[in-house]
Structures are given as C-alpha cells and as structure tokens.
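**Student:** Please read through the structure below; I'll follow up with questions.
The values are calculated or read from the model by the stated rules, or taken from the named source; none is laboratory data. All values derive from a computational prediction rather than experimental measurement. Each accessible area value is taken on the protein alone, full model and side chains, heavy atoms only, with ligands, DNA and RNA left out. Shrake-Rupley method; radii C 1.70, N 1.55, O 1.52, S 1.80 Å.
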Amino acid sequence: MRGRTGRFEVSMTELYSETFRDLLRSQTVQTSDVVDVEEDAVRGPWMRNLTRVPVDSRDQCRDLCLEGLERRRDEEREFGSVRNFTTLIVMIHMSQLGLSSTFTVFCLAGAERLVASSDALRLREGPHLSNAILKFERLVTDLAESMSTTPRQVVQYDGSKLTQLLVDALGGNSVTHVLCTFKPESSPAADTVMRIAQHIAQIENFPIENTEDAKSLMAQYRSAVQYYKTERASREPVAVYGDDRGDTQRPIGTSQFAAKDHSLQLERDIVGCWSSPVACF
C-alpha cells in the first residue's frame, strides 16, 4: 500500500439476529448511530454509520482486522455459541484517480443448520436468529433457477440484511469467489453445504469497469428498481381483523395471490428503463 496514490479504508462488522455490530467502534453506540442497511440509487445497498478506518500499510490493515476479531461476540446462549449464528463482514474500500472498488469478505457460519427445515428452525430459534442463513439459501436457489429461464425471473434480495448486501456479489457487478468448508466425514451437513455450493456455481455475475458513464447508468437502473418497489408496496391490500383490542389493520402480502407473469412484466419494465435511461426520470 505504501507509495501508492490511492486511498484505502477498512470496515468490519458482524450480523447477529438481523442486528449489526461495528467491530471497529469501541464506544457505546447511540440509537441514531446504529449500523443498518440502506439502499441508494448511486451507491446501491450500503451500510449506514459503519466505521471506515484509513490504512497506509498491510501491517496496519492486519492489526486493525485482528483488533476487530477480538471484539466479536463469543458468549454462550440457549442454542450454543453466538458465533455459530453470526456473519462476519470485512470490507476494504479502495479509491484512486476517480475510480473506486470494494473488496468484501462475507464469512457465513452455520450452514449445517439447513439440514433442518426452515419451519423447524424458526419454531425452535425464533424468526430472526437463523434468518440470514435461511434467506441466503433461498437466494442462491432462486438465482440458480433463474439462470435457466427466459426471460430471467426477478429475484428478490430483500429477505434479510445479509442478502441485501449480496446484490452485487451474487448475480451483479462483482468478481466473486466462494470458499466452502465442512468436516471431512460424510454427513447430512456436508451434503447440504455441497448442494448450496452447486447452486452458487450456476450463478453468473456481470462485472463491469466502474467508469462515470457506467455509474450513471447503474444509478438510473437502481432508481427504476426503487420506483417499482415503492409502487408495488403502495398497492399491498389491507385487511381489517377484529379482536378484543379493537379492529387493527394489517397488510396482506400479495405474493400468494399474484399471477405468475407479474414478476416477468416487472422485469420487462425495468429492462426498458435500462435501455432507455432518460425515460426513467
């Protein structure tokens, strides 16, 4: 890193039960400073309030990562060590001469729990504890299946905060390498990991050079996607339920009623805006 004109910054966080913990921030976090995922037309999904520490050398980067690892959760809970349910995320942000890129490592533990059904996991652990790994499996399965459809079906990344961050890493503007590890003995857990790995191997990415023109087109594409998401959410039907506390309104998801070609039409509309970006505004 020394002697280069570029700028390097390191971020490090862990995701546990749909809650982020900044591993490079030692002080108590105020409610307004909590790390969370937000979507932006220019940047795409990004992590609000995540600490970015500038580094000037490989040694400084290594020491910073070791410091963050020391802050990871390691307590025992009802279902075992917390680390078996946390996702570690390390980011190295690089910028030079107007170009920028991010090297991101996702360390996703606990895939062996997918041997059990998703309903059994939620019943045993609650709705959030294994949500990241469950939605990750669903995402890679949908992406693998979408590669064989024409036109390709629209795949949702909104299932968890982890999958929101994987929009470029899996099927997007990124060069991605996946390393799967499991115990050498044959077991249902190893079979599960291999099945997920086979699905990941079928996913195609579309990396491009992040020039200003490319960034502008991507921003217009993301704006179109956000517009259609907002439009679809505003059309969610509302049902009134009566109970002893009075009537309450709750939204009903349209996925169980939507026609099969709804997502295909959405994709055609988005692709139309992509090919004619001026029409998106």
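**Student:** Leaving out ligands, DNA and RNA but keeping every protein chain, what accessible area does Arg195 have, in Å² rounded to the nearest 10, with a 1.4 Å probe?
**Tutor:** 90
**Student:** With Kirkwood's inverse mean 1/r over C-alpha pairs for Rh, give me the Rg to Rh ratio of region 1-103, two decimals please. Present the calculation step by step, with values, prior to reporting the outcome.
**Tutor:** Details: Rg = 15.2 Å, Rh = 15.1 Å.
Here the Rg-to-Rh quotient is 1.01.
**Student:** Just the accessible area for His128, please: 1.4 Å probe, Å², rounded to the nearest 10?
**Tutor:** Ignoring ligands and nucleic acids, His128 comes out at about 100 Å².
**Student:** Moving on. Write down the accessible area per residue of region 62-213 in Å², having rolled a 1.4 Å probe over the full set of protein chains. If you can, show how the numbers build up before the last one.
**Tutor:** Details: 8810 Å² over 152 residues.
Spelled out: the 1.4 Å probe surface of region 62-213, per residue, equals 58 Å².
**Student:** Tell me, what are the semi-axes, in whole angstrom and largest first, of the equivalent ellipsoid of region 139-233 as set by the roots of 5 times the Cα gyration tensor eigenvalues?
**Tutor:** Equivalent ellipsoid of region 139-233: 29, 16, 12 Å, largest first.
**Student:** Roughly how much of Ile196 is accessible, in Å² to the nearest 10, using a 1.4 Å probe?
**Tutor:** 10
**Student:** On the protein heavy atoms, probe 1.4 angstrom, tell me the percent of accessible surface of region 33-120 carried by carbon and sulfur.
**Tutor:** Summing carbon and sulfur atoms, their accessible area is 50 percent of the total for region 33-120.
**Student:** Please go through the residue pairs Lys135/Lys183; Lys135/Lys229; Lys135/Lys215 and name each one whose alpha carbons sit more than 21 Å apart in this structure.
**Tutor:** In this structure, Lys135/Lys183; Lys135/Lys215 lie more than 21 Å apart at Cα.
**Student:** If Tyr157, Tyr221, Tyr228 are ordered by their accessible area, calculated over protein heavy atoms with a 1.4 Å probe, which sequence runs from highest to lowest?
**Tutor:** Tyr221, Tyr228, Tyr157
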